[in-house]
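Student: Starting off with a structure, shown below.
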Amino acid sequence: MDQAPVNPERLHSSYAGRWVALVRGRVIAQGGTPEQALRASQSSRYKEKPEIIFMPLPFSFSPLIDKIKDALPADQEIYLVGGAVRDLLTSRLAPDFDFALPSNGISVARKVANSLGAAFMPLDDERDTGRVILTDQDGKRIFLDFATYRGTNLEEDLRARDFTINAIAYNLRDNTIIDPMDGANDIHAKVIRACSPTSLSDDPVRILRGVRQAAAFGFKIEKNTRELMKQAVSQIEHISPERLRDEIFKILNGPKASTSIRALEMLGALSHFMPELLAMKGVEQSPPHVYDVWTHTLAVLDHLDQVISGLRVGYDAEKTNDMFTGLLGLRLGRFRQQIGDHFAVPLNVDRSHRSLLFFAALYHDVCKPETKTIDETGRIRFFDHDVKGAEAAAQRAQAFNLSNDEIERLHAIIKHHMRIHSFASRMEFDKQTPSRKAIYRFFRDSGRAGIDLILLGLADLRATRANELTIETWTAYLDLARILLENYWERPEEVVAPPRLLDGYELMKELNLRPGPVVGQLLESIRENQAAGKIENREQALLFAREELAKIA
């Protein structure tokens with residue numbers, strides 16, 4: 001006599017998230033879908049009629065999923081797919097949600113948007129895909145995409161996706177998992193595997209996505225998938241600049257950015273969308289540099305991540321094994337909240353401030369190869385590499401269709417990145433701290449990019465000297481950073497942005513001047529001397545202006 005059906009909760013945890021075939025209360029086969037479990041059971045127990053059930057997982061979903069369910073008819077077939085399911089299986093919080101359904105993707109998205117009081121936009125008429133845009137309490141946008149199946153059914157849709165770890169679906173109606181490609185096993189094995197031999201050639205931007213996800217999750221790209229990437233890499237040129245940009249900025253915003261960039265270089269991908277970076281490979285530098293320009297650049301990405309992490313709110317400087325990071329926190333730790341607030345304000349809602357700074361770090365020395373010279377002593381120099389590099393980075397940013405604000409910030413960071421080193425050198429060797437006027441000019445020229453320049457300067461130093469960096473030099477840089485940050489955040493009206501004592505109209509009236517460049521020059525000279533503490537009121541400003549005008553006449 002057959003045993004009573006077993007309680008799925010009592011079965012071995014190794015079956016969790018799988019479909020199993022039960023005969024007389026015993027598991028005889030399993031699979032990622034009900035069909036797979038049935039076929040597997042029939043191959044060994046073809047005379048039996050098994051019961052196919054799903055072994056549940058301890059899901060913990062965002063309350064948003066329940067709201068979406070409530071917005072739809074009870075008989076609506078709909079699945080959560082892709083990264084959100086992958087993140088669920090790895091106990092991560094998904095930033096966005098993709099849904100697959102048999103038809104009416106745009107109309108379903110519109111219904112959900114209306115129910116949630118959210119924004120709606122048709123995303124792809126050809127694929128019948130609609131997007132719902134929510135804004136959370138922090139101002140961050142959450143995207144809910146609703147798309148019809150790619151293919152005639154859900155399994156065809158999943159098999160047409162990029163990697164097996166992203167080819168898993170969650171049925172919102174009965175809380176089951178559909179996993180025809182055994183993506184859950186690859187998640188457990190920490191492997192990135194292409195869904196099919198044409199996965200990468202079908203959409204070459206997946207090469208960048210695979211590299212990014214490998215770094216983000218600490219996974220390895222399976223050997224055959226790496227070969228498929230190399231075979232498809234030349235087709236990257238046919239991908240739109242915007243899609244490439246979005247993947248690059250996600251890479252730069254994630255963990256191990258340098259590892260991802262190096263992987264793209266080894267795959268031959270960089271030559272198809274950022275070829276100017278490759279010129280840095282093998283370009284030697286004189287001491288105190290210990291690396292060539294390319295290796296140095298990748299090291300800057302690593303150290304920039306350490307610097308930003310070491311100054312984040314809640315970081316415990318006493319727990320680090322790195323002495324330099326410990327000193328960083330002790331000297332600059334009081335600015336953690338301000339630095340966090342600085343990065344919390346993006347220049348574009350679709351890209352983080354942090355990723356833009358990392359893009360600047362990637363390009364800060366891009367023109368060293370073309371500006372390389374060797375003087376009579378044999379020392380290698382790179383005159384004007386900062387100015388030319390700023391232009392080269394801006395050109396790439398324009399090709400990627402970054403916003404004007406992003407391009408302006410990027411240009412300022414790269415153009416002025418050597419000023420931090422000049423300040424620190426005078427502090428270390430001449431014991432000369434930057435004057436109030438020098439600090440004013442630094443922030444006048446860089447604006448909010450000045451904070452980025454300070455952080456990049458610290459990372460640049462560590463990547464320059466590596467294990468040869470001394471405590472004395474590091475301390476000089478930290479002291480400089482402290483002075484600049486103190487003035488920017490704690491004494492802004494005294495030094496960084498002194499209040500205007502006169503406007504152009506008043507100056508012209510008092511000095512009987514006509515409109516022209518002299519007016520602007522006098523106003524700027526007044527502000528510089530305010531910052532230096534030499535002018536404190538309107539009368540002093542007018543007296544100074546008259547004296548300056550007499551020198552010109």
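Just so you know, all these numbers are worked out from the coordinates, no wet-lab data involved. Fair warning: this is a prediction, and the values are worked out from it, not measured in the lab. Every residue, glycine as well, gets a Cβ built from its backbone with ideal geometry; the counts of neighbours run over all protein chains shown.
Student: Place a point 7 Å from Cα of LYS372 in the direction of its Cβ. Which residues in the range 283-304 have their backbone N less than 13 Å from it?
Tutor: Residues 283-286, 291-296 fall inside that zone.
Student: Which lysines, if any, have their Cα less than 22 Å from the Cα of LYS551, not counting same-chain residues under 8 positions apart?
Tutor: List returned: LYS437, LYS509, LYS534.
Student: Now for a different question. Charges at C-beta only: +1 for Lys and Arg, -1 for Asp and Glu. How large is the resulting dipole of the range 504-552 about its Cα centre, in Debye rounded to 20?
Tutor: Taking the Cα centre of the range 504-552 as origin, the dipole is about 120 debye.
Student: How many nm separate the modelled label positions at VAL23 and LYS534, each set 7 Å beyond the Cα in the direction of the Cβ?
Tutor: Taking the simple label geometry, VAL23 and LYS534 are separated by 9.6 nm.
Student: Find the percent of Cα-Cα distances in the chain that exceed 48 Å, and round it to a whole number.
Tutor: I get 27 percent for the Cα pairs in the chain exceeding 48 Å.
Student: Straight-line reach from LYS140: which lysines have Cα under 25 Å away, leaving out those fewer than 8 places along the same chain?
Tutor: Within reach: LYS67, LYS69, LYS111, LYS250, LYS256.
Student: Ok, one more. Assuming R0 = 25 Å, what is the FRET efficiency of SER435 and ARG379, from their Cβ-Cβ distance, to the nearest 0.05?
Tutor: With a Förster radius of 25 Å, E is 0.30.
Student: Related question: Pop out the ³J(HN,Hα) list for the range 257-274 in order, Karplus 6.51 cos²θ - 1.76 cosθ + 1.60 with θ = phi - 60°, rounded to Hz; leave Gly and Pro as x.
Tutor: 4, 5, 5, 5, 5, 5, 5, 5, 5, 5, 6, x, 7, 4, 5, 9, 8, 9
Student: So how do LYS256, LYS47, LYS509 line up by other beta-carbon neighbours within 10 Å, fewest first?
Tutor: On the way: LYS256 18, LYS47 5, LYS509 10.
Ordered from fewest to most neighbouring Cβ atoms within 10 Å, LYS256, LYS47, LYS509 come out as LYS47, LYS509, LYS256.
Student: How do VAL132, VAL205, VAL349 line up, fewest other C-beta atoms within 10 Å first?
Tutor: Ranking VAL132, VAL205, VAL349 by Cβ neighbours within 10 Å, fewest first, gives VAL349, VAL205, VAL132.
Student: Straight-line reach from LYS388: which lysines have a Cα under 17 Å away, not including same-chain ones fewer than 8 places off?
Tutor: In chain and number order, the partners are LYS368, LYS372, LYS415.
Student: Among residues other than PHE249 whose Cβ falls under 13 Å from its Cβ, what is the net charge (Lys/Arg +1, Asp/Glu -1)? The partial results should precede the final answer.
Tutor: Details: positive: ARG209, ARG212, ARG243, ARG245, LYS250, ARG351, ARG354, ARG396; negative: GLU242, ASP246, GLU247, ASP350, GLU406.
In short, +3.
Student: Give me the net charge for the shell around ASP405: Cβ to Cβ below 14 angstrom, other residues only, Lys and Arg +1, Asp and Glu -1.
Tutor: Local charge sum for ASP405: -1.
Student: What is the calculated FRET efficiency for PHE143 to SER115, with r their C-beta to C-beta distance and R₀ = 22 Å, to the nearest 0.05?
Tutor: 0.85
Student: Let me know the whole percent of all Cα-Cα pairs from the range 375-491 that are separated by more than 19 Å.
Tutor: Considering the range 375-491, 52 percent of its Cα-Cα pairs are separated by more than 19 Å.
Student: Considering only C-alpha atoms, what is the centroid distance from the range 435-508 to the range 186-259, in Å?
Tutor: Centre-to-centre (Cα) distance: 39 Å.
Student: Between GLU506 and ARG336, 0.36 nm times their residue separation minus their Cα-Cα distance comes to what?
Tutor: Numbers: separation 170, 0.36 × 170 = 61.20 nm, distance 4.13 nm.
Using 0.36 nm per residue and subtracting the Cα-Cα distance, I get 57.1 nm.
Student: Please compute the Kirkwood hydrodynamic radius of the range 274-496 from all pairs of different C-alpha atoms, in Å with one decimal.
Tutor: When all Cα pairs of the range 274-496 are included, the Kirkwood radius is 17.9 Å.
Student: Can you check what the net charge comes to around THR164, using other residues whose Cβ is under 11 Å from the Cβ of THR164 (Lys, Arg +1; Asp, Glu -1)?
Tutor: -1
Student: Divide by every residue of the chain the summed helix terms, -39500 (n - 2.57) for each DSSP H run of at least 4, and state the resulting mean residue ellipticity at 222 nm, rounded to the nearest 500 deg cm²/dmol.
Tutor: That calculation yields -15500 deg cm²/dmol at 222 nm.
Student: Still on this model: Measuring from label point to label point, each 7 Å out along Cα→Cβ, what is the LEU513 to PHE61 span in nm?
Tutor: 6.8
Student: How large are Rg and Dmax for the range 459-511 when only the alpha carbon atoms are used, in Å?
Tutor: Considering the range 459-511 through its Cα atoms, Rg and Dmax are 19.5, 60 Å.
Student: Now a separate question. Could you tell me which of rounded, prolate or oblate describes the range 186-249, using a ≥ b ≥ c as the square roots of the eigenvalues of the alpha-carbon gyration tensor, with rounded for a/c under 1.5 and, failing that, prolate when a/b is larger than b/c and oblate otherwise?
Tutor: It comes out oblate by the Cα gyration axes.
Student: Right, here's the next one. In nm, what is the difference between 0.36 nm times the number of residues separating ARG92 and TYR15 and their Cα-Cα distance?
Tutor: 25.6 nm
Student: Put a dot 7 Å past each Cα toward the Cβ at GLU494 and ARG127; how far apart are the dots in nm?
Tutor: In this crude label model, ARG127 to GLU494 measures out at 5.7 nm.
Student: Let me ask something else. Among VAL293, ILE414, GLN540, which residue has its Cα furthest toward the positive end of the charge dipole of the chain, with +1 on Lys/Arg Cβ and -1 on Asp/Glu Cβ?
Tutor: It is VAL293.
Student: Once Lys and Arg get +1 and Asp and Glu get -1 on their Cβ, which of ALA424, ILE454, THR475 lies farthest toward the positive end of the dipole of the chain?
Tutor: Of the options given, the answer is THR475.
Student: Under a Cβ-only charge scheme (Lys and Arg +1, Asp and Glu -1), can you give me the dipole magnitude of the chain about the Cα centre, in debye to the nearest 20?
Tutor: Roughly 680 debye for the chain.
Student: Determine the gain in length on full extension of the stretch THR198-SER43; use 0.36 nm per residue of separation and subtract their C-alpha separation, reporting nm with one decimal. Display every interim value, and only then the final one.
Tutor: Details: separation 155, 0.36 × 155 = 55.80 nm, distance 2.96 nm.
Working it through step by step, the gained length comes to 52.8 nm.
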